[in-house]
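This report refers to the structure that appears directly beneath it.
The values are calculated or read from the model by the stated rules, or taken from the named source; none is laboratory data. Here the structure is a predicted model, which means the values were calculated and not measured. Note: ideal-geometry Cβ built from the backbone for every residue, glycine included; neighbour counts use all protein chains shown. Only protein heavy atoms, including side chains, enter the accessible area calculation; ligands, DNA and RNA are left aside. Shrake-Rupley method; radii C 1.70, N 1.55, O 1.52, S 1.80 Å.
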Amino acid sequence: MRGGDLFGALQDDLVKHVLSFLPSSDAVKTAMLARRWRHLWRSTPAVRVNGSGDGFRLFVNSLLLYRDGASPLRSFQIDAHLLIGEESNGVYSAYDPREVDPHVDVWIRHAVSTCRARSLTVRIEDEDRMWSPRQRRPFASPYLTTMRLQGVALRRVRLDFSCCPALLHLILTACHLDGDALVSPSLERLDIMDCASASPTRISTPSLRYLQLFGDHRGFCTAPSSLEIMPCLTNASIQLTGRVEIRGHHGIAGAGRSLCLHGLSEATSLELIATTSDGRTIFLRDLAWCPTFAKLKTLILNEWCVYDDVTAIECLLRHTPILESLILQLNFKNRPTLKVEGEGRDNTSEQSILNFEHLKTVEITNSPRYYYERVVYFDTRIDEVLKLFSDLGIPSSKISIN
């Protein structure tokens with residue numbers, strides 16, 4: 001086929017699949033290649049639009065108007081910088097009168113309802129103003145399985161994703177969450193990254209298998225007022241790295257009960273990281289209602305659990321009966337010396353009531369500094385940790401210091 005049409009032998013569905021990886025502005029231009037290509041862009045299984053201004057607005061309107069509505073969308077992706085309204089004429093004001101163009105609401109509603117998109121990605125590329133959906137249930141769809149939102153303000157009922165019964169994966173990045181509860185009966189994976197909350201938010205996701213919550217937005221991070229029990233949970237990572245608002249509209253969030261640990265009790269792999277006093281407060285407070293992690297095999301902790309003493313890490317060890325791997329991230333100046341002993345102290349002592357036969361490795365690592373507060377070194381605390389391990393009957397042969 002030297003010098004011929006290399007795409008000529010391909011079926012239309014395959015050509016549409018190839019076009020779906022292009023930005024839609026480039027896919028539309030292929031209509032100029034030949035008569036056969038004239039309408040292929042209209043039924044590509046993906047729409048990818050990125051831009052700003054009046055020309056971008058006109059293009060997206062035309063694209064959705066002329067697209068073949070009978071062809072379902074595999075993916076709808078929009079990266080937009082579309083603010084309307086006038087700025088405050090250079091005069092500082094806490095109130096920004098601009099807002100995201102209502103066309104964004106119309107496009108997304110069209111994508112999830114008319115085009116039956118299975119994957120939705122919305123990125124609002126503006127640091128000053130987030131997109132706040134105007135409809136009560138802007139994402140309602142029986143088809144959506146994956147949703148990625150960035151720069152979106154989700155308030156009240158818009159945090160209820162029960163209207164998306166097929167939703168499996170939700171990724172929230174640099175969003176603002178303001179509501180009593182994030183709810184999804186079907187969700188299996190939830191990633192909340194660099195988000196902030198006006199008040200603590202309850203997370204109700206009974207089918208969840210994977211949970212990741214980390215980062216902060218302008219110094220504030222998201223902390224749940226409670227994590228409801230997740231029977232299917234396998235992996236969870238909670239990293240509280242900013243200021244946390246623990247007072248809700250009705251006083252201290254979760255007063256008299258666990259905020260995080262109870263909902264994480266079914267996990268097999270768990271990471272609990274706190275780099276500020278607010279984060280430490282939440283985790284330490286939760287230990288008063290520490291559940292038994294009957295399935296937990298891997299546990300990753302950092303300095304919060306030994307900040308004042310070793311009682312927190314001891315509590316966790318006593319509630320993880322089949323733990324296989326413990327990773328403890330501390331900040332220290334000098335590499336401590338690990339004393340080589342036999343098999344630890346007598347396990348029949350009064351303090352050592354657990355049998356760590358499942359435990360294979362304990363790794364103490366010198367973690368990088370990511371504290372927003374003053375730098376604290378834990379050289380002396382490591383000696384206390386090693387003594388605790390010895391008292392609990394954990395042999396030094398299972399401990400490594402990196």
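Looking across the stretch 85-107, just one residue is surrounded by 12 or more Cβ atoms within 10 Å (Cβ to Cβ), among the hydrophobic types (A, V, I, L, M, F, W, C) and at pLDDT below 90, and that is 100. Looking only at the stretch 18-41, residues that are within 21 Å of residue 78 (Cβ to Cβ) and open to solvent by 80 Å² or more (accessible area, probe 1.4 Å) come to 2 in all. Within the stretch 102-159, work out how many residues are within 14 Å of residue 173 (Cα to Cα) and of a type in the set (Lys, Arg). The total comes to 2. Looking at the stretch 108-118, is at least one residue closer than 16 Å to residue 77 by Cβ, in a loop (DSSP other than H, G, I, E, B), open to solvent by 50 Å² or more (accessible area, probe 1.4 Å) and of a type in the set (Lys, Arg)? There is at least one residue in the stretch 108-118 that is closer than 16 Å to residue 77 by Cβ, in a loop (DSSP other than H, G, I, E, B), open to solvent by 50 Å² or more (accessible area, probe 1.4 Å) and of a type in the set (Lys, Arg).
For the stretch 1-19, state whether one or more residues are polar (S, T, N, Q) and either touching a Ser or Thr at 6+ places or on another chain (Cβ under 7 Å) or modelled with pLDDT of 90 or more (or both). Before you say what the answer is, go through the steps one by one.
Looking only at the stretch 1-19, we keep the residues that are polar (S, T, N, Q), and these are 11.
Now drop any that are not either touching a Ser or Thr at 6+ places or on another chain (Cβ under 7 Å) or modelled with pLDDT of 90 or more (or both), which leaves none.
No.
Would you please name the residue that is nearest to residue 226 (Cα to Cα), looking only at residues in the stretch 283-323 that are β-branched (Val, Ile, Thr) and out of contact with any helix residue (DSSP H, G or I) (no Cβ under 9 Å at 6 or more places or on another chain)? Here the residue is 292.
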